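Colleague: Right, I'll just put the structure down here and ask away after.
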Amino acid sequence: MKRRKFIGASAAASLSLMATKNTNAMPTSDTETSDLNGNINHSVCKWCYGKIPLEEFCKNLNEMGVKAIDLIEPKDWPTLKKYDIHCSMASGAGLGIEKGWNDPSLHKELIDDYTKMIPKVAEAGYTNLICFSGNRNGMDDAVGLKNCAEGLKQIMPLAEKHGVVIQMELLNSKVNHKDYMCDHSEWGVALCKQIGSENFKLLYDIYHMQIMEGDIIRNIQDYHQYFGHYHTGGNPGRNEINDTQELFYPAIMKAIVATGFKGHVAQEFIPTWEDQIAALKEGVTICDV
């Protein structure tokens, strides 16, 4: 084919593809969701859909076949149970992201708080409870790791007794959570090794770790035994996980499945679409490998 004809044909094909993408860019929630494959246990973070009442959101999830929600506090657990929705990552203990286990002056309060929460999580039939390192505030990372380990070790016997897994989230300190200490996989893995309990894991947030270190699939392959939970999000922007951003989630999900992971993958992107449930359906479909 001559160059001029080839360029013309390529341009026509590109325009056709763009038209197709534009037509399908924002489907409505009326679009049927195909049966899920069952290789990924899907979940979603409710805070990204704050305008939708929890009961309505649970109904939406039942229609989609998604059976779990992340980051729900005890006051809302009865609503989840009403709709047979599992809390895949409980919240409600601790002092927030910036004040965490790296500060020894907070250990007593944190230990008291988690000591009360761990039995509640187990009694409700849940497994995972989130925690945070806290900000550096000028503290050396090695000192912070030692402090975290000393504090968290004190709640591990109770967590082990009740079958609850304490999960520290890996967050980026470049864009969203300035100065946060647990901002690299290697630091988190070193903390896991220091604590030495199967009831302490890392919540590996793909969006956050793409910002801080990239190499997502290799890190999943190398460190998956320390990762107890996953979050998604498009980068840059933390919006939809389709081809408007740089991460290719089908390959990442296949890498997670290949490790034998049986926990949950929770969508944690902030939808930009007017129909937020349609955006969530798309995200679940992309990850359903």
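Readers should treat all values here as calculations from the given coordinates under stated rules, not as data from a laboratory. All of these numbers come straight from a predicted model, not from anything done at the bench. Glycine gets a Cβ as well: all are built from the backbone with ideal geometry, and neighbour counts include every protein chain shown.
Colleague: Which residues, counting only those in the range 141-184, are basic (Lys, Arg) and in contact with a helix residue (DSSP H, G or I) (Cβ under 8 Å, 6 or more places away or on another chain)?
Modeller: Lys146, Lys153, Lys174
Colleague: Residue pairs, Cβ under 9 Å, 6 or more apart or interchain, first in the range 193-212 and within 16 Å of Ala159 (Cα to Cα), second among the acidic types (Asp, Glu) and part of a helix (DSSP H, G or I). List them.
Modeller: Filtered contacts from the range 193-212: Ser197/Glu160; Glu198/Glu160; Asn199/Glu160.
Colleague: Restricting attention to helices (runs of 4 or more DSSP H) lying wholly within the range 25-134, give those where 3 or more residues are surrounded by 17 or more Cβ atoms within 10 Å (Cβ to Cβ). Reasoning before the result, please.
Modeller: Numbers: elements: 54-64, 77-82, 107-123.
It comes to 54-64, 107-123.
Colleague: Among the residues of the range 256-267, is there at least one that is surrounded by fewer than 23 Cβ atoms within 10 Å (Cβ to Cβ) and closer than 27 Å to Lys178 by Cβ? Spell out how you get there, then give the answer.
Modeller: Kept after step one, since they are surrounded by fewer than 23 Cβ atoms within 10 Å (Cβ to Cβ), are these residues of the range 256-267: 257-263.
Right, trim to closer than 27 Å to Lys178 by Cβ and you get none.
No; the residues of the range 256-267 include none that is surrounded by fewer than 23 Cβ atoms within 10 Å (Cβ to Cβ) and closer than 27 Å to Lys178 by Cβ.
Colleague: Mind checking which pairs have a first residue in the range 41-65 that is closer than 13 Å to Gln267 by Cα and a second that is among the hydroxyl-bearing types (Ser, Thr, Tyr) and surrounded by fewer than 21 Cβ atoms within 10 Å (Cβ to Cβ), Cβ under 8 Å, 6 or more apart or different chains?
Modeller: That search, which allows pairs on different chains as well, returns Leu61/Tyr83.
Colleague: Do any residues in the range 82-101 that are within 15 Å of Leu129 (Cβ to Cβ) have Cβ atoms under 8 Å from those of residues that are part of a helix (DSSP H, G or I) and among the polar types (S, T, N, Q), where the two are at least six apart or on different chains, and which pairs are they?
Modeller: Matching pairs, first to second residue: Trp101/Asn147.
Colleague: Search the range 201-219 for residues being among the hydrophobic types (A, V, I, L, M, F, W, C) and closer than 17 Å to Leu71 by Cα, and hand back the single one that is farthest from the chain's Cα centre (by Cα).
Modeller: At the first step, the residues of the range 201-219 found to be among the hydrophobic types (A, V, I, L, M, F, W, C) are 202-203, 206, 209, 211-212, 216-217.
Those still in the list that are closer than 17 Å to Leu71 by Cα too: 202-203, 206.
On the way: Leu202: 10, Leu203: 7, Ile206: 7 Å.
It comes out as Leu202.
Colleague: In addition: Against the conditions (1) surrounded by fewer than 20 Cβ atoms within 10 Å (Cβ to Cβ); (2) within 30 Å of Asp141 (Cα to Cα); (3) in contact with a Phe, Trp or Tyr (Cβ under 9 Å, 6 or more places away or on another chain), where does Pro271 fall short? Just the number, please.
Modeller: With (1) surrounded by fewer than 20 Cβ atoms within 10 Å (Cβ to Cβ); (2) within 30 Å of Asp141 (Cα to Cα); (3) in contact with a Phe, Trp or Tyr (Cβ under 9 Å, 6 or more places away or on another chain) applied to Pro271, the lone miss is (2).
Colleague: Take the range 221-247 and flag every residue that is of a type outside the set (Ser, Thr, Tyr) and in contact with a Cys (Cβ under 8 Å, 6 or more places away or on another chain). Don't jump to the end; show me each part of the working.
Modeller: The first filter runs over the range 221-247 and keeps only residues of a type outside the set (Ser, Thr, Tyr), leaving 221-222, 224-225, 227-229, 231, 233-243, 245-247.
Listed by number, the residues that qualify are His231, Ile241.
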